[in-house]
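What follows is a short report on a single structure.
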Amino acid sequence: MIRIGIIGDIGSGKSFVARNFGYPVFNADDVVSYLYRYDKKIFNELNKILPKYFQTFPIDKKKISEAIFEKQSNLKKIINIVHKEVRKKLDVFLIKNKKKKIVILDIPLLLENKLNYKKDHLVFVDSKKRDILTRLKKRKNFNFKMYKVLKNKQFSASYKKKKSQFIIKNDFTKKSIKKEINKILKEII
């Protein structure tokens, strides 16, 4: 199985690019949203360490923001609980898709959390900063302060570019993205 990791800045269009490969995608953001809505075990663990913020189920993302803004160390506590479960879901995804030719890993902190293997093909999604901020501001729950906190948890774009075998210039049009993806797939397969 060929693993392709999609990396880039917050709002660069990683998920858009990942979906256009046409292979099974593990989307860590979707998994986290699912866990917050449906996983009572995650809620119970968060409630145990941060009861002030996590009192009702499903988990309200605003409460996560409140916990992080009040105390930066709360982010690490939340990450330790949630990322453990995301890793388990990733393992299940990889087992389920082990006979597939290619899988796509859309994991925002792929490198930071050391979830990539040496043989993985890394694709950096490059977008203009102005386009990124414009797109982010259109998101329903966009919070600039939270964006800054999360951005500080990530490696720099230049570091990620250096680690990548491929770079896709994302102009957010399906036609140009498909063209870039086809070039990458011809080289990999």
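The values are calculated or read from the model by the stated rules, or taken from the named source; none is laboratory data. Values in this document were obtained by computation on a predicted structure and should not be read as measured data. With ideal geometry, Cβ positions are generated from the backbone for all residues, glycine too; neighbour counts draw on all protein chains shown.
Note on the range 41-58: residues that are touching a residue at least 24 places away in the same chain (Cβ under 8 Å) and among the hydrophobic types (A, V, I, L, M, F, W, C) amount to 4. Lys169 passes every criterion in (1) in contact (Cβ under 8 Å) with a residue 60 or more places away in the chain; (2) in contact with an Asp or Glu (Cβ under 9 Å, 6 or more places away or on another chain); (3) loosely packed, with under 14 Cβ neighbours inside 10 Å apart from (1).
Pairs meeting the criteria (first residue in the range 19-40 and more than 20 Å from Val103 (Cβ to Cβ), second residue crowded, with 16+ Cβ neighbours inside 10 Å and at pLDDT 95 or above, beta carbons under 6 Å, at least 6 apart or on different chains) are Leu35/Ile42; Leu35/Glu85; Tyr36/Ile59.
Is it fair to say Ser15 is modelled with pLDDT under 95 and either more than 21 Å from Leu90 (Cβ to Cβ) or small (Gly, Ala, Ser) (or both)? It is false that Ser15 is modelled with pLDDT under 95 and either more than 21 Å from Leu90 (Cβ to Cβ) or small (Gly, Ala, Ser) (or both).
Would you mind stating whether Asn97 is closer than 26 Å to Lys77 by Cβ and among the polar types (S, T, N, Q)? No: the conditions fail for Asn97. Residues that are within 21 Å of Lys162 (Cβ to Cβ) and basic (Lys, Arg) were ranked within the range 1-56; the one that is surrounded by the fewest Cβ atoms within 10 Å (Cβ to Cβ) is Arg3. The residues in the range 140-150 that are surrounded by fewer than 13 Cβ atoms within 10 Å (Cβ to Cβ) and touching a residue at least 12 places away in the same chain (Cβ under 8 Å) can be counted, and the count is 2.
The number of residues in the range 57-75 being surrounded by 14 or more Cβ atoms within 10 Å (Cβ to Cβ) and of a type in the set (Lys, Arg) comes to 2. When Lys114 is tested against (1) assigned to a loop (DSSP other than H, G, I, E, B); (2) touching a residue at least 12 places away in the same chain (Cβ under 8 Å); (3) of a type outside the set (Val, Ile, Thr); (4) within 19 Å of Leu150 (Cα to Cα), only condition (2) is not met. Considering the conditions (1) closer than 12 Å to Ile7 by Cα; (2) in the same structural domain as Ile79 (by TED's automatic domain parsing), Phe166 is excluded by exactly one of them, (2).
Of all residues in the range 67-80, those that are under 13 Å from Lys145 (Cα atoms) and assigned by TED's automatic domain parsing to the domain that holds Ile49 have Cβ atoms under 7 Å from Cβ atoms of residues that are in a helix (DSSP H, G or I) and modelled with pLDDT under 95, 6 or more apart or on another chain, in Ile68/Leu75; Ile68/Val149; Phe69/Lys145.
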